[in-house]
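Colleague: Would you mind keeping the following structure in view while I ask a few things?
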Amino acid sequence: MDRFHATMTSHLYGNPHSASPSSLRATEEIESVRLQALKYFGFDPETVDLVFTANTTAAIKLVAEAFREHADGFRFGYHVDSHTSIVGLRALANTSTCLESDVAVEQWLDAEISEDRSDQLGLFAYPAQSNMNGSRLPLGRTSRLNSNRRPARTYTLLDAASFAPTSQLRFEDSVVVPDFTVLSFSKVFGFPDLGALIVRKDAAHIFDRRKYFGGGTVDMVVCVKEQWQARKSGPLHSRLEDGTLPIHSILALKAAMQTHAELFRSLDHITKHTTALAAQLHQRLSALRHANGQPVCTIYKDKRSTYGDIRTQGPIFAFNLRDGQDRWVSNTEVEKLAAIKNVHLRTGGLCNPGGLATALDLAPWEMRENFSAGFRCGAENDILNGKPTGVIRVSLGAMNTRNDVDRFVAFIEEFFVEKSLPSINFGSPSSTMTSHLYIESLTVYPIKSCAGWQIPYGTPWDVHGEGLAWDREWCLVKQADGKVLSQKNYPRMALVRPQLDFDAGVLRVTLAGSAEELTVPLSKDPRYFAADTSRECLANVCGDTITARQYTSPAIADFFTRAIGVPCTFARFPAPGRTSPSSRHSKPHLRRHANQSRPPLLLSNESPILTISRSSLNRLNELIKAKGGKAVPAAVFRANLVVAERPPPLSSTPLAPRSSAAAVVVRENPWAEDAWRGMRLGGPAGPVFDFLGGCRRCQMLCVDQESAEKNQEPFVTLAKTRRVEGKVMFGVHTAMRQEEESGQGSSSRAVVRVGDAVETWQDFEE
Ligand SMILES: *Cc1c(COP(=O)(O)O)cnc(C)c1O
C-alpha cells in the first residue's frame, strides 16, 4: 500500500489512448506490468497473451462466451473438483460431463483425440488445485491433447485461482501450456482486485467470433445511415479488454509484485514454507483424540494426495469435527467460536459442489433434499439427516507462521476436544424447589435487536400467543437490501434505547451518550406511513419474509442511520393476531411437542417469549469467574422473562455454611429449565405457557448491552459447558398456551406481572 501510494502521489497517469504525456505513461506502464505478470506466474510472453479481467470468474466467462458463438457449439468436460465458476460454463455447452475420477478424465480425453466430431469444439476444464481441500491435479494433464495440437478441436482451460497464491505454475514444455489459464491477482497479493485470462496465442482465434465490441475493442464504428465497424486488430488483449482498463489497479499490481518479491523472495519459497506448515497442521489435526480415544477431525483429503508433497497437495484443509460420541459438530458453532477467537476460516459448501459431494458422500437426492429442507449456503441448520451439509476450510498462505498453526490447534483443543469423559448432565434437577419460583423481571424489546425496556414492578402486562405486548413491534430495515438489522452485525443497536411512554402515547428513543430524543406515536397514525400499501417493505428476518410498514419521515430514518452508522429506515410490524398468515412464521427446530398446535410466531426470530433462569445465570457466572472472567448481567441474554428462585424460609437455612459460595449454589437449581415442559404464572387462574425448546445462542451474547463492545464471554464458557448436540444453549423458548381457536375471545388475553409466582411442571400434560 505504501509503495502504491508513493507511485500515485509522484506521477500523473492518464486514460490511455491519448497523446498526452500522462496517457502515454499509463499505456507504457500497463504493457510492462502485463509482461511482468506473465513472467511472475511462469509464462513465456512469446507463447501467451494476458488479458486483464475483474476476477477469475470474469476470465472464465470470456472463454465461455467465445465458445458459445461457434456454429456447432461445444462439448464440455470438467473435473469434479472444479469451482462453481467453472461448473457454470456447462450452462452454455451443448453437452457437458462431470469427470469424477482420473480414469474418467483419461477416457474423456482419449475420446476427444480419437473421434472425429466435425466442427464442434471441445473444452476440458480443470483446477490446478482444488479450492476445497487443496488436492493438486497434474499440470501436464493436457499434454496428450496438446501434442496432437491444431487442427485438434479440443481446448484446455486451467483454473489456477487456488493454486497460484502458493505455487509457481511450471510447465515442462510450451506444448503443455493450456490454451486458457485463469487466475486472480487478489488471491495472490490481497490487493488489487484484479484477475487475468492467459491465452495461448495459437488459440486466440477462438475469440474471432466474439460479437460484442466496445470502446477500446473497436477501431472504427459507423452508426449514421450505415452500420459498420472495424474491430481492433493487434494483440488479443486489445480485442478483449472492453472499455477503460483499471489503470490504477494495474499499477497497484506492479507495486504488489515488487513488495511480494521483497517479502517472500519467490513463489518457490512460499511453496516450501506453506508445505512445511501444512504437513505440521495435518499431522497435529489428525492426532487429536477425545478422552475416550475417538478422533476429533475428519479430514477430507484426496486418496492420492499427501500433505508435505507439493506435487499432490496444497496448504488447504477441508474437514469436519466429531464429538466424543461420534456425532458431527455443527459448523455454524465452529464459525461462531472462531469469530470470537479471531480465527478466520470458512465453512459451508465453498463453491465446490463436486468436491463437497465427494467428500461428504452426498448423493444428488440428498443435496436436493437439503435444499428443499431450507438449507442454503451459510444457513444455521447445517447437519441434516445425520450428515454435515458443508465442511470447515482452513488455508495457509505466505504470511502464516508456525504460531498460527499452534493457535489453531489450541483453538480446536479448547472447544472441541473432550478432555474428560462426559460430566455435564442436563435436565435432571430435583423438582422440589419449583414452587419457590417467581418472575424476577419482565422485559420487552420494542425495537427488534435494540435495547430492552423493563416493565415496571407490579404493572399488569398483556400477553398473547405472539408474546408480550409491545415486544418487537418495530424494527430497523437496511436500505441496501431490505434486511432487518440485527445486533449480531450492528452491535451499536444496543445503544438505541426505546421507552414506552403510555401517558404521552409515544415511543421515546434515545441513543446512549447523546442528548437527542426521537418520539414516535404509539398509535398507528397513518400519516406517518406511506399511503400506498405497495410500499410496504418486505422485511427479511433470518431468512423469513415478513411485511412491515415503513415510516416515511426522513428525520426518523436519519436518526437511526446516524445511530447505527448504516443507511436504514424505521418500520412497524402488523399487529399480532390481526394479520395475514404470511406475517407469522415458525422455525422447524422449535417443534418439540409433536402434537401440539403451533403457537403463531411473530418477529422474535424463534419464539414468542424467551425465558431464562436466574439460577442458571448464577451458575454460569460462577463458571466464568472460576476461570478469572467477569460475570455477565442478565441483559446480554435478551430474555423477556427472568425466572428466579426465592430463598427457602430462613428457618430451614443451616447457619454454618453461609460463608461458602458452594452453599449458595446448592440452594439453587440451575438448568432446571432444561426439563420444564410448562408453567403457570400468577396463581391457579393464571395463564399457562409451554416450553418449546432450548434457545440456540450465537456470539451476539458477547455484545455488552451498556457499551456495545464485544467480549468473549459468556459465549466461550457457554460453549464449553452448555453444548447440546453441537448447539450452544441458554434459555428456553416459551409460548402462551391458547385455548382451542378462541378467536377474539377473552381467553386468549392474559396479564403477567413482575413478582408473579411461577409454577412449573416437567410432564407434557399439566
Ligand atoms: C476463488 C476461485 C475462483 C473464483 O475466483 P474469483 O476471482 O472470485 O472470480 C475460481 N476458481 C477457483 C479454484 C477459486 O479458488
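What follows draws every value from the coordinates through simple rules; no lab data is involved. The model shown is predicted, which means the values in this text are computed figures rather than measured ones. As a convention, Cβ positions derive from the backbone with ideal geometry for all residues, glycine included, and neighbour counts pool all protein chains shown.
Colleague: Please give the peptides 386-397, 83-94 ranked by average Cβ packing (other Cβ atoms within 10 Å per residue), highest first, as a rough proxy for protection.
Modeller: Ranking the peptides 386-397, 83-94 by packing returns 386-397, 83-94.
Colleague: Something else now. Rounded to the nearest 0.05, what FRET efficiency do residue 304 and residue 72 give with R0 = 35 Å and r taken as the Cβ-Cβ distance? Could you check?
Modeller: Step by step, r from the Cβ atoms, then E = 0.45.
Colleague: Follow-up question, since we're still on this one. Excluding residue 525 itself, what net charge comes from residues whose Cβ is under 13 Å from its Cβ, given Lys and Arg +1 and Asp and Glu -1?
Modeller: Around residue 525, the surrounding residues sum to +4.
Colleague: Figure the gain on full extension for residue 407 and residue 279 (residue separation times 0.36 nm, minus the Cα-Cα span) and round it to one decimal in nm.
Modeller: Length gained between residue 407 and residue 279: 44.5 nm.
Colleague: Residue 325 to residue 65: FRET efficiency via 1/(1 + (r/R0)^6), r the Cβ-Cβ distance, R0 56 Å, to the nearest 0.05?
Modeller: Between residue 325 and residue 65 the formula returns 0.60.
Colleague: Where a Cα-Cα gap under 24 Å defines reach, which lysines qualify for residue 387, not counting those fewer than 8 residues away within the same chain?
Modeller: Candidates past the 8-residue exclusion: 301, 303, 336, 587, 720, 727.
Colleague: A further question on this structure: Under a crude label model (7 Å from the Cα following the beta-carbon direction), how far is residue 346 from residue 233 in nanometres?
Modeller: 4.4 nm
Colleague: Hey, rough spin-label estimate for residue 11 and residue 503, points 7 angstrom out along Cα→Cβ, what's it come to in nanometres?
Modeller: According to this spin-label approximation, the distance is 7.1 nm.
Colleague: Which aspartates and glutamates have a Cα lying under 12 Å from the Cα of residue 625, excluding residues fewer than 8 positions away in the same chain?
Modeller: Answer for residue 625, where 12 Å is the Cα cut-off: 713, listed by chain and number.
Colleague: Continuing with this model, one more query. Can you give the net charge of the other residues whose Cβ lies under 12 Å from the Cβ of residue 631, counting K and R as +1 and D and E as -1?
Modeller: Residues near residue 631 contribute +2 overall.
Colleague: Moving on. What FRET efficiency do you get for residue 22 and residue 751 if R0 is 60 Å and r is their Cβ-Cβ distance, rounded to the nearest 0.05?
Modeller: It comes out at approximately 0.20.
Colleague: Show me the trypsin sites (Lys or Arg not before Pro) within the range 195-233 that DSSP assigns to loop and that have at most 12 other Cβ atoms within 10 Å of their Cβ.
Modeller: 211, 225
Colleague: Using alpha carbons only, how many angstrom separate the centre of the range 446-483 from the centre of the range 11-55?
Modeller: Taking the Cα centre of each part, the range 446-483 and the range 11-55 sit 57 Å apart.
Colleague: Right, next: Within 10 Å, count the other beta carbons around each residue, average over each peptide in 708-716, 236-244, and list them highest first.
Modeller: Order by mean packing, descending: 708-716, 236-244.
Colleague: Another question, if that's okay. Can you pull the one-decimal nm distance between simple spin-label points at residue 266 and residue 646, each 7 Å off the Cα toward Cβ?
Modeller: It is 8.1 nm.
Colleague: While we're here: Using 0.36 nm per residue, how much length does the chain from residue 384 to residue 3 gain when fully extended, once their Cα-Cα distance is taken away?
Modeller: Stretched out fully, the residue 384 to residue 3 stretch lengthens by 132.2 nm.
Colleague: Stretched out fully, how many nm does the piece from residue 522 to residue 208 gain, at 0.36 nm a residue minus the Cα gap?
Modeller: 106.4 nm
Colleague: Then there's this: Please work out whether the range 142-264 counts as rounded, prolate or oblate from its C-alpha gyration tensor, where a ≥ b ≥ c are the square roots of the eigenvalues and a/c under 1.5 means rounded, while otherwise a/b larger than b/c means prolate and anything else oblate?
Modeller: oblate
Colleague: Still on this structure: By per-residue mean of other Cβ atoms within 10 Å, what is the highest-first order of 346-355, 728-737, 28-37?
Modeller: Result, highest mean first: 728-737, 346-355, 28-37.
Colleague: Could you tell me how far the Cα centroid of the range 292-353 sits from the Cα centroid of the range 389-411, in Å?
Modeller: Between the Cα centre of the range 389-411 and that of the range 292-353, the gap is 10 Å.
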